[in-house]
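**Q** Below are the C-alpha cells for one structure; questions will follow.
Each value in this text was obtained by applying a stated rule to the coordinates, not by laboratory testing. Everything numeric in this text was worked out from a predicted model, so none of it was measured. No Cβ is skipped: glycine too gets one built from the backbone with ideal geometry, and neighbour counts run over all protein chains shown.
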Amino acid sequence: MAAGNKIDIAGLTASYGGKTALDGITLAIPRNEIFGIIGPANSGKTTLLKCINRTIEMTPGARVRGGIAIDGEDIFRRRNVHDLRRRIGMVFPLPVGLPITVFDNVAYAPRLAGIRVKAELAEIVERCLRQAALWDEVKDRLHTLGTRLSGGQQQRLTIARALSHDPEILCLDEFSIAIDPVTTMRIEDVLLELRNHMTIVLVTNLVQQARRLAGRTAFFNKGAVVQVDATDVIFSDDPGNRLTHDYVHGIFG
Amino acid sequence: MSAQAPATAPAMFAETEFTRRKLRAQRRAARVLGLMAVAILIPLVTLLAYLVVKAAPALSWSFLTDVPRAGMREGGLWPALIGTVYLVVFSLMAAAPIGVMAGIYLNEFARENWFTRAVNLAVVNLAGVPSIVHALFGVGAFVLFANLGRSVLAASLTLAIMTLPVIIAATKEALAAVPRAFREACWNLGASRWQTIRTIVLPNSISGILTGVILEVCRAAGECAPIMYTGAIFYKSIKEGSLFPYSPTEQCMALSYHLHTISTQVPGVPDSMLYGTAVVLVGFVLVFNSAAISLRVYLRTRKKW
C-alpha cells in the first residue's frame with residue numbers, strides 16, 4: 001500500500017448476527033483529502049465508519065474480520081480503543097445533542113482529554129461552533145441544553161463536537177440531511193479548508209455533494225466496493241462500470 | 001379544497017356517517033378508560049376514610065410518641081414506629097447500593113451470555129418469591145448461619161433480599177430509558193463506558209432509580225412476614241420518644257408486626273387503637289411515597305430532553 005494513505009482497509013468483513021453488512025472490502029483512503037463514499041441504502045457505508053472507530057464492537061452481535069490500518073498501525077490490535085476514537089471525529093446522520101449545555105457538548109471531548117482551563121475550553125468551543133456554522137445562532141445561549149436546539153442545529157452541534165478534539169480523521173455520515181442548503185454550503189467550504197490538515201471521509205446520499213467535495217470517490221453496493229476512482233471519473237459519462245454509471249445518473253438506487 | 005372550488009367538487013371534509021361512527025367509538029372508549037382510572041381511586045379513598053373514622057378516638061400526637069402501656073391496651077406505638085424506621089434504614093443501606101450497582105452492571109456492561117441470562121432469570125424469580133419464603137431464608141442465612149441471631153440486622157437483611165430484585169429491575173428500566181444515541185455520541189468522542197455512564201446516563205436516570213428504590217422501601221416497611229421470625233419482637237421497653245432505642249444486634253418492635261400482635265394476640269385492645277396503628281402504618285408508607293413523587297417531580301423538571 002502506498003505510504004501516503006491515511007487509512008488502509010484490507011479484506012474487511014462485518015456482520016450483525018450472521019447478516020453480512022460488509023463483504024471483504026479493500027480500500028485505501030489517502031491522507032489529507034476528502035474521500036467520498038456513495039451508494040444505495042444498506043450498502044455498508046455506515047458500518048464501515050463504525051469499524052474505523054471501532055464503535056461497532058459496542059453493537060451486540062456484531063462481528064468483524066479483516067484489517068484496518070491507520071498510519072500503518074492495525075487498529076484492531078490496539079488495547080486502548082479510547083485513544084483511537086479521540087483521533088477520529090465522527091458525525092452520524094441522526095442529530096444528537098447530548099442532554100448537557102451547548103458549551104458542555106462541545107467541551108465534552110476536550111475535558112475527557114484533560115483540558116480544564118476555562119479560557120482554553122471557551123476558545124475550542126468557539127472555534128468548533130464557528131467551523132460548524134452554528135456559532136452565530138447559539139453564541140448568546142451557550143448554556144441552553146443541547147437537546148433544546150432544533151434538529152438542524154443539533155446536527156451542526158454534532159459536527160462541532162466531532163471537531164472539538166482536533167481529530168486527524170473526520171468521518172461524516174450524511175451530515176447535511178437536516179441542514180438547509182445555504183448553511184450546508186458554508187460547512188462544505190469549511191471542509192475544503194480542513195482537508196489541508198485532516199483526512200475526511202464523506203458518506204453521502206447526495207451524489208452531487210460527493211462530486212463537489214471529494215477528490216476520490218468509492219461506490220458501494222450490497223456491502224462491496226464496486227468502484228473506487230477519481231471523482232471526475234466516477235461522475236463522467238463513462239466511469240467504466242455499468243452499475244456506477246446507473247447509480248450516479250439516477251437510473252437505479 | 002379551497003373556498004374557490006366549484007360547488008360540484010366532492011365535499012372532502014364534510015362529516016359522513018363513517019366519521020361520526022368513529023368519533024362515537026372514540027368517545028365511548030375514552031369514557032370507559034376514564035371510568036377505570038377513577039375506579040382505582042374508590043378503594044383507596046374508602047379504605048383511608050374507613051380507617052381514619054374508626055381510628056379517630058385513638059389518634060393524637062401522644063399516640064405516636066408514647067410507649068405502649070397496660071399490656072398494649074393503652075399508650076402509643078412509638079417503639080414500633082421507630083423500629084420500622086430502623087428496619088427500613090438498615091435494609092435500604094444494604095439493598096440500595098447493591099441493587100443499583102447490579103442494575104448498572106446488567107444494563108450497561110453485561111454482554112448477552114448464559115451468565116447474564118442466569119442473573120436476569122434469578123432477579124425475576126426472586127421478585128416472585130412470597131415474602132414468607134424470604135423469611136425462612138432469612139432465618140436460615142442470617143439468624144442461624146451468619147449467627148446474627150434474631151436482630152434488627154437479620155430482619156433488615158431479610159427485607160433487603162426481598163427488595164433487591166425490584167430495585168435492580170427499576171434501575172435497569174430507568175437506565176434503559178436513556179436513549180442509546182446519547183451513549184453512542186459519547187463513545188464516538190472517546191469516552192469509556194464508565195465516563196459515559198457518569199456524565200450522561202446516570203444524571204438522566206437518577207430520578208427513575210430513586211423512585212424505584214423509595215417505592216420498594218415502602219413495601220418493606222409494610223411487610224410483616226419476613227421480620228416475624230428474624231427480628232421483630234412483641235414488646236420492648238424503651239423510653240418514650242427516644243430516637244436510638246435499639247442496637248442493631250437486638251430485636252426491635254415494628255409497626256406491621258405490632259398491628260399483627262395486638263389484633264390477634266392481645267385480648268381487650270380497643271378497636272380504635274388497632275385502626276390507629278393501621279393508620280400510622282399507611283401514613284408512614286404514604287409519606288414515603290409522596291417523598292418519592294416530589295423527588296421525581298423535582299428531578300424531572302431538570303430532565304434534559
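**Q** Rounded, prolate or oblate, given the Cα gyration tensor of chain B, with a/c below 1.5 counting as rounded?
**A** Judged from the Cα gyration tensor, chain B comes out oblate (a/c at least 1.5, b/c at or above a/b).
**Q** With only Lys, Arg, Asp and Glu charged, each at its Cβ (+1 for the first two, -1 for the last two), find how big the charge dipole of segment B:196-266 is about the Cα centre; round to the nearest 20 debye.
**A** 120 debye
**Q** In the protein assembly as shown, with Lys and Arg counted as +1 and Asp and Glu as -1 at Cβ, which of these residues, B:ILE161, B:PRO245, B:TYR298, has the Cα nearest the positive end of the dipole, that is, farthest along it?
**A** Towards the positive end, the residue furthest out is B:PRO245.
**Q** Still on this structure, I have one more. Need one value for A:163-170: mean number of C-beta atoms belonging to other chains within 10 Å of its residues' C-beta atoms.
**A** Per-residue shielding by partner chains comes out at 1.
**Q** In sequence order, what are the phi-derived ³J(HN,Hα) couplings for segment B:14-24 according to the Karplus relation 6.51 cos²θ - 1.76 cosθ + 1.60 with θ = phi - 60°, rounded to whole Hz, with x for glycine and proline?
**A** Ordered by residue, 3J(HN,Hα) equals 6, 6, 10, 4, 5, 5, 4, 5, 4, 5, 4 Hz.
**Q** Starting from the 7 Å offset along Cα-to-Cβ, what nm value, one decimal, do you get for the label separation of A:ASP140 and A:VAL190?
**A** Going from the A:ASP140 label point to the A:VAL190 one covers 2.1 nm.
**Q** Given +1 on the Cβ of Lys and Arg, -1 on the Cβ of Asp and Glu, and no further charges, what dipole in debye does the protein assembly as shown carry about its Cα centre, rounded to the nearest 20?
**A** The dipole magnitude comes to about 900 debye.
**Q** HN-Hα J couplings of segment B:219-233 from phi, Karplus 6.51/-1.76/1.60, θ = phi - 60°, integer Hz, Gly and Pro as x?
**A** These are the phi-based 3J(HN,Hα) values: 5, 4, 5, x, 6, 10, 4, x, 9, 3, 9, 10, x, 7, 10 Hz.
**Q** Describe numerically, in nm with one decimal, the distance between label points set 7 Å from Cα along Cα→Cβ at A:ASP238 and at B:MET101.
**A** Result: 7.1 nm between the two label points.
**Q** When the chain is fully extended, how far beyond the present Cα-Cα distance does B:LEU48 get from B:LYS22, taking 0.36 nm per residue of separation?
**A** So the extension gain works out to 5.3 nm.
**Q** Assuming R0 = 30 Å, can you tell me the calculated FRET efficiency for the pair A:THR26 and A:ILE177, based on Cβ-Cβ distance, to the nearest 0.05?
**A** 0.55
**Q** Specify which residue in the list A:PRO167, A:ILE38, B:ALA96 is farthest towards the positive end of the charge dipole of the protein assembly as shown, using unit charges on the beta carbon of Lys, Arg (+1) and Asp, Glu (-1), about the Cα centre.
**A** Final value for the positive-end residue is B:ALA96.
**Q** So what is the 222 nm mean residue ellipticity for chain A from helices alone, if each DSSP H run of at least 4 adds -39500 (n - 2.57) and you divide by all residues, rounding to the nearest 500 deg cm²/dmol?
**A** Per the formula, -9500 deg cm²/dmol.
**Q** For B:LYS236 and B:LEU144, FRET efficiency with R0 = 22 Å and r from the beta-carbon atoms, rounded to 0.05?
**A** It comes out at approximately 0.50.
**Q** A further question follows. Where nothing but the Cβ of Lys and Arg (+1) and of Asp and Glu (-1) is charged, how large is the charge dipole of segment B:137-254 around its Cα centre, in debye to the nearest 20?
**A** Magnitude of the dipole: close to 240 debye.
**Q** Within straight cross-link reach of A:LYS118, meaning Cα distance under 13 Å, which aspartates and glutamates are found once same-chain residues fewer than 8 apart are removed?
**A** Within the straight-line cut-off, A:LYS118 pairs with A:ASP104, A:GLU126.
**Q** Here is a follow-up. Amide H of A:LYS6 versus every other amide H placed in the peptide plane: which residues, excluding those fewer than 5 positions away on the same chain, fall under 5 Å?
**A** A:ILE29, A:ARG31
**Q** Grab the beta carbon distance between B:ARG73 and B:LEU295, set R0 = 56 Å, and tell me the FRET efficiency rounded to 0.05.
**A** After rounding to 0.05, the efficiency reads 0.90.
**Q** A further question on this structure: Calculate one ³J(HN,Hα) per residue across segment A:21-29 by plugging θ = phi - 60° into the Karplus curve 6.51 cos²θ - 1.76 cosθ + 1.60, and present them in order as whole Hz with x for glycine and proline.
**A** 9, 10, 10, x, 8, 10, 7, 10, 10
**Q** Over 27 Å between Cα atoms: which of A:LYS45/B:LYS172; A:LYS6/A:LYS45; A:LYS19/A:LYS50; A:LYS19/B:LYS172 fall into that group?
**A** A:LYS45/B:LYS172; A:LYS19/B:LYS172
**Q** Okay, moving on. Given the peptides A:76-86, A:175-185, arrange them by the average over their residues of other C-beta atoms within 10 Å, most packed first.
**A** A:175-185, A:76-86
**Q** Just going by the charge dipole of segment B:60-135, with Lys and Arg at +1 and Asp and Glu at -1 on Cβ, which of B:GLY71, B:LEU121, B:ILE132 is farthest out on the positive end?
**A** B:ILE132
**Q** How well do other chains shield peptide A:82-95, expressed as the mean number of their Cβ atoms within 10 Å of each residue Cβ?
**A** What the average comes to for A:82-95 is 3.
**Q** Students often check this: by mean Cβ neighbours within 10 Å, which of A:228-234, A:156-162, B:83-89, B:219-225 ranks highest, and how do the rest follow?
**A** The densest-packed peptide leads the list: A:156-162, B:83-89, B:219-225, A:228-234.
**Q** How crowded by other chains is A:219-229, given as the mean number of beta carbons from other chains within 10 Å of each beta carbon?
**A** 0
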